[in-house]
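Taking it in order: structure first as structure tokens, then the write-up.
The values are calculated or read from the model by the stated rules, or taken from the named source; none is laboratory data. Model, not experiment: these values are computed from the prediction. Every residue, glycine among them, receives a Cβ derived from its backbone with ideal geometry; neighbour counts consider all protein chains shown.
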Amino acid sequence: MIFLKLFLVFLELGAVSFGGGYGMISLLREQVLAHGWMTEESFMNMLAVSESTPGPIAVNMATFVGSSQGGFFGSFCATLGVVLPAFIIMLIIVSLIRNFINLPPVQGALGGIRPCVVALICGTALIMGLRAVFGVSAGDFVLDFDLRALGIIAFVAAFAFACKRFAKKKPSPIILIVISAGLGILLY
């Protein structure tokens, strides 16, 4: 029964999420916590792993959540569920897009979706930032500063600034992730 539940939850997430994996994070967090599949802390850890591993973040998250709940078949069902709607929608869009992309209603709909996706991503980043740095979770307004997290953020920001200032180019996001992971291992 867990396999069907994983498939249906991730099918719904895949069907109603716009803006890619980052736009899906807030909905995914809500579903995972509501079903009791993970704690908020384990969700954030899984999100960090999903961002660090190759592949789309939504697929990685579905695979990890499914695996934690049902092993191989759980990860298969969750991944299939999250990918299937996008696959079907893309098949339909690709067959129709040439004829309709320049129509004003289509452009208007796409223009309306973009701000929603930005708001979802910003809201998720705010929630995760408050949780990681200040220890604040949903319904919990007690501030508990995590000086190690603040130190990692400050160091990575200073490193990125120094690279832009002195080397005249932005550092690779992969380098920043590796530095953050190394500091996290060292400090935690």
Filter the range 159-188 for residues that are under 22 Å from the mean Cα position of the chain (by Cα) and under 17 Å from residue 47 (Cβ atoms); which is surrounded by the fewest Cβ atoms within 10 Å (Cβ to Cβ)? 173
Of all residues in the range 17-42, which are farther than 15 Å from residue 69 by Cβ and hydroxyl-bearing (Ser, Thr, Tyr)? 17, 22, 26
Note on the range 11-24: residues at pLDDT 85 or above and either farther than 19 Å from residue 84 by Cβ or touching a Gly at 6+ places or on another chain (Cβ under 7 Å) (or both) are 11, 14
Going residue by residue through the range 46-53, is there one that turns out to be hydrophobic (A, V, I, L, M, F, W, C) and touching a Pro at 6+ places or on another chain (Cβ under 8 Å)? no
For the range 46-56, how many residues are in a helix (DSSP H, G or I), in contact (Cβ under 8 Å) with a residue 24 or more places away in the chain and surrounded by fewer than 18 Cβ atoms within 10 Å (Cβ to Cβ)? 2
Name the residues in the range 88-118 that are at pLDDT 85 or above and surrounded by 11 or more Cβ atoms within 10 Å (Cβ to Cβ), would you? 88
Any hit, the range 33-40, residues being touching a strand residue (DSSP E or B) at 6+ places or on another chain (Cβ under 9 Å) and either farther than 24 Å from residue 113 by Cα or without any contact (Cβ under 8 Å) to a residue 40 or more places away in the chain (or both): yes
Starting from residues that are of a type in the set (Phe, Trp, Tyr) and assigned to a helix (DSSP H, G or I), keep the ones in the range 144-188 and report whichever is modelled with the lowest pLDDT. 166
Looking at the range 135-143, is at least one residue at pLDDT 80 or above and either assigned to a helix (DSSP H, G or I) or closer than 27 Å to residue 23 by Cα (or both)? no
Taking first residues from the range 76-101 that are in the same structural domain as residue 66 (by TED's automatic domain parsing) and second residues anywhere that are surrounded by fewer than 16 Cβ atoms within 10 Å (Cβ to Cβ) and outside any helix (DSSP H, G or I), the pairs with Cβ under 6 Å that are 6 or more apart or on different chains are none
Take residue 71 and tell me if it is at positive phi, at pLDDT 85 or above, of a type in the set (Gly, Ala, Ser) and in a helix (DSSP H, G or I). yes
